[in-house]
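Please treat every number below as a calculation from the coordinates, not as lab data. Model, not experiment: these values are computed from the prediction. Cβ placement follows ideal geometry from the backbone for every residue including glycine, while neighbour counts extend to all protein chains displayed.
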Amino acid sequence: MSRVGFIRSLAVVAGAIIIASCSGAGISDPNVNQETLAAPTTDPSKLDLRAVWWKNQYPDAIKVSKVIDQSGGTISIPETGLTLSFPAGAVAAPLTITVTSDVQYVAYQMEPTGTQFLKAVTATQLLNTTSLSGSPLRSALYVAYIADDSLNLSGKVPVLEIEPSTTIFSVLTPLIPQAHVWTIRHFSRYMLASG
C-alpha cells in the first residue's frame, strides 16, 4: 500500500474513533469489547429489513484487496466510509482480503467467502456516504448477513442473521447518526439495513 493510501486509511480509522470518543454516555466506542455489542434481535424473520442506499450511486463497484497477517491490520474503502480492523491473531496465516462495494446499496462482498476468523473483526461504516447522512434515524439500523451473492437488495430483503452492532451519534448532533459499528466472525455478503 502506498504511503498516501496508508495515511487515508489511518485517517478513516482515526475519524471513527474521534466520533466515538466525542459521543455521550451510553454510546459505544468502536474499540469496545466485542461481547458488549448487542444485536437488537436474533430473529431476522421478525424484521422488515430494507437495504440502506448510498447517498450517491457509484458508477462501478469499488474493490480493494490487502494481505492481513497474524499481527492484524486494517483495510478500508475511503470512498464508501468502510473500515475493517483485524486484531492480532484474527488469522492464523497471511490472507489476502478482498472487499467489494455494491454500486447502489450499503452492502459489501467480503472474500474469501466462508473465511472464519479466530478473533472478531470490527467493521465501521461512516454514514456520511449513505442516504442517512444528515438525517435523524427513522428506524433502527442493523447489519445483516446475506448468503445469496446474487440477491437483489431492493425492497424487503431476506437475511440469515443479524450481526451484533451499534450506531454511534455525535454529542453535537445527538439525533444524527455518524457511524455504525459491528463485528464479523466470518466473511460473506453483508448489508446495512433499516427496519
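If the chain linking H186 and A93 were pulled fully straight, counting 0.36 nm for each residue of separation and taking away their Cα-Cα distance, it would gain 31.9 nm.
With contacts taken as Cα pairs under 8 Å and at least 6 residues apart, the stretch 60-116 reaches a relative contact order of 36 percent.
Show me the trypsin sites (Lys or Arg not before Pro) within the stretch 39-131 that DSSP assigns to loop and that have at most 16 other Cβ atoms within 10 Å of their Cβ. Don't skip to the end; give the middle numbers.
Working: sites: K46, R50, K55, K63, K66, K119; in loops: K55.
Of the trypsin sites (Lys or Arg not before Pro), the ones in loops of the stretch 39-131 whose Cβ has at most 16 other Cβ atoms within 10 Å are K55.
Modelled spin-label separation between R138 and E79, with each label point placed 7 Å from Cα along the Cα-to-Cβ direction: 2.8 nm.
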